[in-house]
There are 2 protein chains.
Amino acid sequence: MASDVWKEYESNEISHSVAHHLTAIHELMGDLGYARVSDVARALEITRGSASLTLKALKARGLVVEDHNKFLKLSEDGRRIVDSILAKRTVVRKFLNEVLKLDEHQAEVDACKVEHLLSAQTGRQLLHFVHFLLSDDPTARQFLAEFWCKLDQNEEWQWPVQDVDQLFNLESR
Amino acid sequence: MASDVWKEYESNEISHSVAHHLTAIHELMGDLGYARVSDVARALEITRGSASLTLKALKARGLVVEDHNKFLKLSEDGRRIVDSILAKRTVVRKFLNEVLKLDEHQAEVDACKVEHLLSAQTGRQLLHFVHFLLSDDPTARQFLAEFWCKLDQNEEWQWPVQDVDQLFNLESR
DNA sequence: ATCAGTTGTTTTATGAGCAAAACATCGGTT
DNA sequence: AACCGATGTTTTGCTCATAAAACAACTGAT
């Protein structure tokens, strides 16, 4: 694999931590109507000191703006980033839970892990796909019905690999 | 979102860096028949010093073993991890490229970013799904045909959101 | 046999994220 | 006015992953 591929991982402008600081502000604005450093720290269960430093950097990057009296809110850019991340999280979670039939917690965890890493292209195409897949379209319904049926009695399947479970036996959880 | 969800990100036993050190060894064994610290460093385009430190840690974790004369190879555990990661990478890349019709480079980049983050459950279910989706099954073929048709002329779509492109306009690349 | 190149390691430094602790500030009670 | 609690910041230290540079050891060519 070309190194320019795997190194793009580091070149993400939005880290996992930043993604959650931003979405925390967004959710706090909805829940409480405001968001201060302490509220973000509480929401993310990190210390106020850590949140203070991260948010200072986000203010410097222009993603978060501070009110006259220490009240935070998302800038236009910050807001667009949060929208993009939440859209990807939602569509991935929906796909994992409602299509692949993973339990809700697993779907949430996995969606949370990858939401900020998917490209805009991928997010858009996945949205198209899931939307059609879960629509009323009879072909989609029939396809899903057959897939779920096979999922239930998966002894019929002829796998391209000898032992699928062994391939994915890394994590115990 | 509960913090125990987003914090699971950090608790990954396999980091992106570790995943690629391990897969680099695997690929070098196939390409060259051997893998030394310098070979790994060259493959990943990092300095020998960095590779040396990371690989020392992987030896301590028992994922990499060192030959009598500085030749590296994967342990049984290391091998299982690489198999698991490559299986996930392959199925994600296949899905993004062959189903969602993303170009190969984008599919590779995105697959590379998420391969080590997906749970075993998710990898397994996704493999089931993609396998059925790309099989000869007439329902699957018809579903894909309809989906790709809609993809081409996507002005017909009635989106659940006003402007999908705007939701995913974060990245420029 | 010497000299150059490759290899592996160690040391020093950086940046991102975090915790812990010290510190300052502000607001409301008493 | 004195105190208490909540808040925000700074400092120090930690881990991970990297670079850069210095160093030692081996390899091969001349």
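The charge dipole of segment B:1-152, taken about its Cα centre with unit charges on the Cβ atoms of Lys, Arg (+1), Asp and Glu (-1) only, comes to about 460 debye.
Residues B:Val40, A:Val109, ranked from the fewest to the most other C-beta atoms within 10 Å, line up as A:Val109, B:Val40. For segment B:1-126, build the charge dipole from Cβ charges (+1 Lys, Arg; -1 Asp, Glu) around the Cα centre, then report which of B:Val64, B:Val5, B:Ile81 sits farthest towards its positive end. Of the listed residues, the answer is B:Val64.
Evaluate the Kirkwood expression for the hydrodynamic radius of segment B:1-140, namely the inverse of the mean inverse distance over all pairs of different C-alpha atoms, and round to one decimal in Å.
In segment B:1-140 this quantity evaluates to 16.5 Å.
Kindly flag which residue pairs out of A:Lys94/A:Lys150; B:Lys7/B:Lys56; A:Lys70/B:Lys113 have an alpha-carbon separation exceeding 24 Å in this structure.
Beyond 24 Å: B:Lys7/B:Lys56; A:Lys70/B:Lys113.
Give me the net charge for the shell around A:Tyr34: Cβ to Cβ below 15 angstrom, other residues only, Lys and Arg +1, Asp and Glu -1.
Details: positive: A:Arg36, A:Arg42, A:Lys70, A:Lys73; negative: A:Glu27, A:Asp31, A:Asp39, A:Glu66, A:Asp67.
Local net charge: -1.
Summing Lys and Arg as +1 and Asp and Glu as -1 over all other residues whose Cβ lies under 10 Å from the Cβ of A:Glu66 gives a net charge of +4. When B:Ser50 is represented by a point 7 angstrom out along its Cα-to-C-beta vector, the spacings to that point in the other copies are 2.5 nm, nearest first.
Give, as a single signed number, the net charge of other residues whose beta carbon lies under 15 Å from the beta carbon of B:Ala145, with Lys and Arg counted +1 and Asp and Glu -1. Here the count lands on -3. When the charge dipole of segment A:25-139 is built from unit charges on Cβ atoms (+1 for Lys and Arg, -1 for Asp and Glu) and taken about the Cα centre, the candidate among A:His128, A:Leu55, A:Val99 whose Cα reaches farthest toward its positive end is A:Leu55. Oblate is the label for segment B:31-73, because the ratio a/c of its alpha-carbon gyration tensor axes (a ≥ b ≥ c) is 1.5 or higher and a/b is not greater than b/c.
Every number here is computed from the coordinates shown, using simple stated rules; none is lab data. Note that the structure is predicted; figures quoted are calculated from it, not measured. We place every Cβ from the backbone using ideal geometry, glycine too, and count neighbours over all the protein chains shown.
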